[in-house]
Amino acid sequence: MGRVIAITNQKGGVGKTTTAINLGASLAANDIRVLLVDSDPQGNSTSGLNIEKVPEILTVYDILLGGVPIEDTIRKTECDGLEIVPADKNLVAGNLDLVDVPDREYSLRKALQPVRNRYDYILIDCPPALDLLTLNALVAADAVLIPIQCEFFALEGISQLIDTIDKIKEAFSHSLEIEGILLTMYDERTNLTRTVADDLRDFFSDQVFTTVIPRSIRLAEAPSHGKPILMYDPRSRGAESYIKLAKEILANEQRRRQDTQSAR
C-alpha cells in the first residue's frame with residue numbers, strides 16, 4: 001500500500017509546491033509510481049506540471065464534494081511514473097462546503113483508499129493554512145514532510161506546526177509520523193542560514209533531512225515552463241538536490257522496514 005505524505009507548512013512561500021512537484025518527479029525517475037494530489041486552491045502543482053485548468057477538468061473538489069471517484073480525476077503528466085489529481089479555483093469554496101459533510105475530516109482519506117495500492121507514494125500538496133483542506137490531508141497521510149526556509153522565525157513557526165500535528169494525532173487517534181524537515185532556499189553564504197540550520201538540527205536532530213534545497217533561479221523558472229526541474233534543467237543544483245532528497249526518503253523507508261522486521 002502506497003505511503004501517503006502530506007507536504008505542509010502553515011507559512012506560505014517556503015517551497016511546498018516546488019517540493020511536491022520535484023520530489024514527485026525525482027521519485028518517478030527512480031521507477032517509483034507516484035500520485036501527486038493538488039489540495040491547494042491556487043492549483044500551482046497543477047499548472048507547474050502543465051495541466052491546463054479548463055472548465056471541464058475534474059479536480060480534488062469533485063472528489064471531496066461531488067462524489068466523483070478519484071480514478072476519474074487522475075491525469076498523466078509529461079513525467080513518466082508521475083500522475084496528478086489537479087486543483088483549480090473551485091477548491092476555494094471547499095473549506096466552506098466541507099463544513100456540512102459527515103465525517104468531513106476523513107473525506108480525502110476515504111477518497112484515496114481505492115488507489116493506494118496503485119502507487120508507491122502519494123504526495124499531497126497542502127495550502128498554506130491550517131484549514132479543513134489541510135486537516136483532510138493530515139488525516140489522510142501516513143507522514144508529514146515540512147519544507148522550511150532558513151529565516152529568523154523558522155524555529156518558532158515549526159514548533160507551532162509540530163504542536164498542531166501532535167494535537168491532530170491525539171484528536172483523531174492517528175499515528176502521523178514526521179517524514180522529515182526540509183531546509184529550502186538554502187544559501188550557505190549567509191550567517192543567518194547557517195545559524196538557523198544549526199538551530200533546527202540541534203532541536204530536531206535526525207528529523208531534519210541531510211539534503212538541503214539551494215536557492216536557485218532555475219528551480220524558480222521551471223514551473224512557468226510546466227516542467228519539474230529534472231526536465232527543465234537536469235544538471236542544475238536544484239535537480240541534483242531533489243534527486244538526493246528522493247534517495248534519502250527511499251533509504252529511510254528501507255530502514256523503517258528493516259526495523260519493523262527486526263522487531264517481530
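Only a single item in (1) over 23 Å from THR77 (Cα atoms); (2) in contact with a helix residue (DSSP H, G or I) (Cβ under 6 Å, 6 or more places away or on another chain) is not met by ILE229, and it is number (1). Checking each residue of region 224-243 against the condition of being on the phi > 0 side of the Ramachandran plot and open to solvent by less than 40 Å² (accessible area, probe 1.4 Å) gives at least one match.
Under the condition of being at negative phi and open to solvent by 60 Å² or more (accessible area, probe 1.4 Å), the residues counted in region 191-220 number 16. Considering region 136-155, the residues that are modelled with pLDDT of 95 or more and not in a strand (DSSP E or B) include one that is most open to solvent (accessible area, probe 1.4 Å), namely ASP142.
Looking across region 156-175, the residues that are surrounded by 15 or more Cβ atoms within 10 Å (Cβ to Cβ), under 21 Å from GLY13 (Cα atoms) and not aliphatic (A, V, I, L, M) come down to GLY157, THR164.
Only residues that are β-branched (Val, Ile, Thr), more than 17 Å from PRO114 (Cβ to Cβ) and open to solvent by less than 80 Å² (accessible area, probe 1.4 Å): list them for region 77-92, please. Hit for region 77-92 is THR77, nothing else. If the condition is being open to solvent by 20 Å² or more (accessible area, probe 1.4 Å) and assigned to a loop (DSSP other than H, G, I, E, B), then region 24-48 contributes ASN30, ASP31, ILE32, ARG33, PRO41, GLN42. For region 71-92, residues that are farther than 18 Å from VAL54 by Cα and either among the β-branched types (Val, Ile, Thr) or in contact with a Cys (Cβ under 7 Å, 6 or more places away or on another chain) (or both) total 0. As a summary of the residue check, ILE158 satisfies the conditions (1) touching a residue at least 40 places away in the same chain (Cβ under 8 Å); (2) assigned to a loop (DSSP other than H, G, I, E, B); (3) closer than 30 Å to MET1 by Cβ except for the one numbered (2). Candidates ILE57, ILE74, ILE51, ILE21: the one that is open to solvent by 10 Å² or more (accessible area, probe 1.4 Å), among the β-branched types (Val, Ile, Thr) and within 24 Å of PRO234 (Cβ to Cβ) is ILE51.
Looking at region 68-84, which of the residues that are in contact (Cβ under 8 Å) with a residue 24 or more places away in the chain and assigned to a strand (DSSP E or B) is farthest from LEU123 (Cα to Cα)?
ARG75
Of all positions in region 96-111, at least one carries a residue that is touching a residue at least 60 places away in the same chain (Cβ under 8 Å) and either more than 21 Å from VAL4 (Cβ to Cβ) or not in a loop (DSSP other than H, G, I, E, B) (or both). Looking across region 112-133 at every residue that is in contact (Cβ under 8 Å) with a residue 40 or more places away in the chain and part of a loop (DSSP other than H, G, I, E, B), the one that is surrounded by the most Cβ atoms within 10 Å (Cβ to Cβ) is identified as CYS126.
Annotation: of all residues in region 176-190 being open to solvent by 70 Å² or more (accessible area, probe 1.4 Å) and at pLDDT below 90, the one that is nearest to the chain's Cα centre (by Cα) is GLU188.
The values are calculated or read from the model by the stated rules, or taken from the named source; none is laboratory data. Only a predicted model underlies this, so the values are computations on that prediction, with no experimental measurement involved. With ideal geometry, Cβ positions are generated from the backbone for all residues, glycine too; neighbour counts draw on all protein chains shown. Keep in mind that these areas ignore ligands, DNA and RNA; they rest on the heavy atoms of the full protein, side chains included. Shrake-Rupley method; radii C 1.70, N 1.55, O 1.52, S 1.80 Å.
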